[in-house]
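Structure, as structure tokens:
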Amino acid sequence: MSMKFSSFDALSPAQRVAALMHIKEAPTRKREDYLLALHALFDAEQQVRATAKLITGLFAQEPYVLDLKGLTPEEMKKRIEERFPEMKGGGPQLAEWSGTTPVLELVKNLQTRSKKAEMTSEWDGPFPRTAFILNALREDTIAIVQQILEAGERPEWVAPAFYLEALQPFREGQRSFDHPAATTLVNLNHVHDRTRFPPALQTMWGMLDRPIYLLIILTDRRLILFLRDHLKESRAAWQGIPFEQIIKVSSTHIAGTVSLDLETMQDFVLLPQLYPADGFELDKTLREKAISAIKSTEDLLDRDFDRELAKLEMLFQAKAITSQEYMFRKMRLQKMELEKFSDANLDSLLARRFAAEAGGKKLDEQILKRFTSEKTVMFTDIVGYSSKAAQKQLLDTMTLLAVHDKMLLPIIAEHGGKLIKKIGDALMVKFDDPLAACRCGVAMQAKLIAFNRTSPEKILIRIGINTGTVFTKGEDVFGDAVNVAARMESLARPGMIFLTASTHARLGGQLPCHYHGRRVVKGQTAPMEVYALVGSDEDREMIEAGRAFRQEMGMEDGPEEPAPAPAPAAEPAPVAPAAGAGAAPTAAPIAAAATREGELAALAAAVSTAVAHYKTAVRLGAPRDGALEAWFEAFPGRLPGEE
């Protein structure tokens, strides 16, 4: 930012107007200048506010500009903070206690609490033990601290600034900082060279009659500077700094104490003269929280983090920054890049790509890198569920689904699967590990076998599994790998688990598989190799149960293991098969042959042509015919001379 807010506020009214007019003369429009003008809209001087309004109008064509027409100051402030989180909170503020308890009674109450704390070694109060110093404060001071906390905000750590060795008992919570002895020891009115303080701290100082101590409060959301006025007054100056606004942390050692210099998007802030252990702990903690607090915003979409990281690397190589600052800034940039390509920004990224037509090769690469990965997708389906649902009452159908889910969902969780969605009776699950997905499928079928042995109501499922690259959005996954997994499920027979070659290859022989040949799969340009986890007696039991169920429901059932489909080199134009369900196909007219061998060859060619037509018709949506497929399978053995 061209000028920090606190530095701007420290100028005279005429200087603030001049600073704003300087923005008008700038050759380019910068976002940070716009934010400064927004800040000046709330200035106490009318001339400054009028100039700020003029300056904000110069940014009308910028994508980040806000329409503030017709809004009250409170509404303007709320909208600005919603759009620009770094504007939230502003600079130093004054907080006062509105209670009516006389000061002498407040002192007496503190003395009573002090005696109790001496006996119990612990102060009563509303704050956690990690912030025990706050519980040792006077009741009006505690009320002021509670007043400045946001809803749900919780103090986690507190330390005094301007540390002196004599303050050790107060730092350790053995005595209250609101005790006259502590205020005499600190006596901030005697702090020398106050002019070296940054504007923010000077502003806080000027809000009070006679500051007596400065506490550094760390909450789960922000850093709070709490400057207490003398004890005859129930007020304090304070400033809250959200962690995500901290862009620089540096420490210096002064006379046995540690001071921290912070730079935020708005201010320069000094945390003066901390106890060394407190200073080192706070330095480390602030760096960590400043990085972890970064969240996704649309502002990150415009930043080129590769370029920023390259510039940072140049600064470090030129020894323009310390190694500590280099690591902090690098980690912040890396976290911002992660947040830029986060789920929260995905829709904005895709919209931007669409608006830019091709989107740009670099943007496409970054999106694919962040949102695509290899996953194993499983689909399951209850065989004959639709028929059962039509024949049974709704309550019976829902009971069947509940039993199915109660048995299978825990198995999915045990094997590291993530349920993506339930589609009626079907489950869609993703796994990071293909082997875990296959073992999960085996366990699911085994569970159902055991259930079906003792239950009059049978539950039969088929399972399809595929491994490939998917696009992840939230918890859902998309892509061809998902579609293929669904096709494997539809190809599988009841009680079976069908795998693609990609999943089979990743098993490394750790599970027994049966090769089921090459199958035509909808949406694929060539037949796919299919494997099944079949072979045990229990698997055979499930398959036989499935066959009996299909016969009971009047469903046609083809051969158990259809022959592999040949990869079609060049198929004729698609036409519906002439043969009816269960009947042999009518061969096309065949030219007369002079020999027996010629007649048989012509017959075989005609059947081959019929098979090709049948497969093409099925791919175009015609229903499959199990009996016809069985006839095709058995045809070679029916030729004279064939066994």
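Given their separation in residues at 0.36 nm each and the Cα-Cα distance between them, E414 and E74 gain 117.2 nm when the chain is fully extended.
Taking each of K88/K335; K88/K330; K53/K289; K335/K430; K77/K369 in turn, the alpha-carbon distance tops 31 angstrom for K53/K289; K77/K369.
When the GluC sites (Glu not before Pro) in segment 33-101 are filtered for DSSP coil states and for at most 16 other beta-carbon atoms within 10 Å of their beta-carbon, the remaining sites are E45. Straight-line cross-link reach from K116 at under 21 Å between alpha-carbon atoms covers these lysines, not counting any fewer than eight positions away in the same chain: K108.
Multiplying the residue separation of R196 and S12 by 0.36 nm and subtracting their alpha-carbon distance yields 64.4 nm.
From a point 7 Å beyond the Cα of R353 in the direction of its Cβ, which residues of segment 470-504 have a backbone N at a distance under 12 Å? Correct set: 471-473.
Mind checking the full-extension length gain between L94 and Q47? Use 0.36 nm per residue of separation minus the Cα-Cα distance, one decimal, nm.
14.5 nm
Using the Cβ of P128 as centre and a radius below 14 Å, the other residues enclosed give a net charge of -3, where K and R count +1 and D and E count -1.
Neighbour counting of Cβ atoms within 10 Å sorts the residues C513, C438, fewest neighbours leading, into C513, C438.
Quick one: Cα centre-to-centre distance for segment 229-286 and segment 1-22, in angstrom? So the separation of the two Cα centres works out to 24 Å. A simple spin-label model places the labels of A26 and L368 3.8 nm from each other, with each point 7 Å out along Cα-to-Cβ.
No value in this document is a laboratory result; all are computed from the given coordinates. The shown structure was predicted, so the numbers you read here are calculated from the model rather than taken from an experiment. Here the Cβ is made from the backbone with ideal geometry for all residues, glycine too, and neighbour counts use every protein chain on show.
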